[in-house]
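The values are calculated or read from the model by the stated rules, or taken from the named source; none is laboratory data. Computed from a predicted structure; not experimentally measured. Positions of Cβ are generated from backbone atoms using ideal geometry, with glycine treated the same way; all protein chains shown enter the neighbour counts. Remember, those area values only see protein heavy atoms, side chains included, never the ligands or the DNA or RNA. Shrake-Rupley method; radii C 1.70, N 1.55, O 1.52, S 1.80 Å.
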Amino acid sequence: MGFLDGQAAIVTGAAVGLGNQYAKALAAEGCNVAICDVRADVLDVGRELAAMGVESLAFIADVSRPEDVRRVVDGAVAKWGRIDTLINNAGVWRGSMPADDLDKSLEDYEILIGTNLKGVYLFGRAVIPHLIASGRGGNIINIASDHIHTHPGRPTGGGPAMDLYDVSKWAINGLTVPWSKALKPHGIRVNGFTMGATDSYMLRSFHQFKAPPEVVANWMTAEEVCDLAIQLIREGPGGRTGENIPAWLGFEVELAPQPAAKPAWLAG
Ligand SMILES: NC(=O)c1ccc[n+]([C@@H]2O[C@H](COP(=O)([O-])OP(=O)(O)OC[C@H]3O[C@@H](n4cnc5c(N)ncnc54)[C@H](O)[C@@H]3O)[C@@H](O)[C@H]2O)c1
């Protein structure tokens, strides 16, 4: 059916938005997919994936809770005996400001850092031993944001109510880069995604689900951005690792060509 026939992937935060589309793009390539989300309608998405002709597992699970993370990863390993790809996608946004009171700030910290950073950390820790043990290599894609890696001429960072969201996304570099180095000998590639405004439940919610068509037309589509993940996986064991892959508004949504391999005498 596709180049991922017989492989298995985990996508977090797949009930709606981009996670939903990553899961479908993987399934379209024949990959069995385990998904999780705090939303109960993730179970419907599991059935949609199965209707595409692959095997699926769907879990109501919170990525910030270690016991939920174990349940998802152990479930996927028990069913397929392998995990080849992890897409650490689950994410939340809420406004946070430097002068917020301490109670709100603590709640924001638990929610934003818990989901956007701790979730990525826990899923990585739970999945990586299986990726290593398989000896087949694999892929981890950590979803960050164009706030941390944007096009020349535009400053990094989001708006004034974004301090904790941006912390959570910048901090992902502290996982992506060391993981890519540590896991390279095992053929496991680890990259970040740094996309700008992409049509999703989250983005539509910022417009109270009433964004006019001319506004939506400016956004990237989930299909365009998720196809980048498929292209990245398709590069195979020799593909790029340790990079932040951009998808920026106003630019072609495509993988930049990989730099030519250095000759051995220059590779150091
Ligand atoms: N859409 C964009 O423009 C955009 C831009 C840059 C980065 N991102 C990032 O892409 C990812 C997906 O964003 P989206 O726009 O599709 O958002 P979305 O809100 O449409 O979808 C996010 C999904 O994650 C789930 N989720 C939230 N908290 C969770 C938790 N603790 N455990 C499990 N699931 C949880 C939600 O229920 C939802 O199904 C996020 O990490 C977001 O920060 C999105």
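Every condition in (1) touching a residue at least 40 places away in the same chain (Cβ under 8 Å); (2) buried (at least 19 other Cβ atoms within 10 Å of the Cβ); (3) out of contact with any Gly (no Cβ under 7 Å at 6 or more places or on another chain); (4) over 21 Å from Pro66 (Cα atoms) holds for Gly124 except the one numbered (4).
Among the residues of the stretch 134-174, those that are under 17 Å from the mean Cα position of the chain (by Cα) and in a helix (DSSP H, G or I) comprise Tyr165, Asp166, Val167, Ser168, Lys169, Trp170, Ala171, Asn173, Gly174.
From the residues in the stretch 2-18 that are within 13 Å of the ligand (Cβ to nearest atom) and out of contact with any Asp or Glu (no Cβ under 7 Å at 6 or more places or on another chain), which one is most open to solvent (accessible area, probe 1.4 Å)? Looking at the filtered set, the residue picked out is Val16. Hey, among Leu57, Leu43, which residue is within 14 Å of Val72 (Cβ to Cβ) and open to solvent by 50 Å² or more (accessible area, probe 1.4 Å)? Answer to the check: Leu43. With the structure loaded, tell me whether Arg204 is open to solvent by 70 Å² or more (accessible area, probe 1.4 Å), modelled with pLDDT of 95 or more and within 10 Å of the ligand (Cβ to nearest atom) or whether it fails that test. Judged against the criteria, Arg204 is a match.
Looking at the stretch 98-112, can you tell me whether even one residue there is surrounded by fewer than 21 Cβ atoms within 10 Å (Cβ to Cβ), within 11 Å of the ligand (Cβ to nearest atom), in a helix (DSSP H, G or I) and not charged (D, E, K, R)? Yes, the stretch 98-112 has at least one match. Total residues in the stretch 19-46 satisfying the condition of being within 16 Å of the ligand (Cβ to nearest atom), in contact with a strand residue (DSSP E or B) (Cβ under 9 Å, 6 or more places away or on another chain) and of a type outside the set (A, V, I, L, M, F, W, C): the figure is 8.
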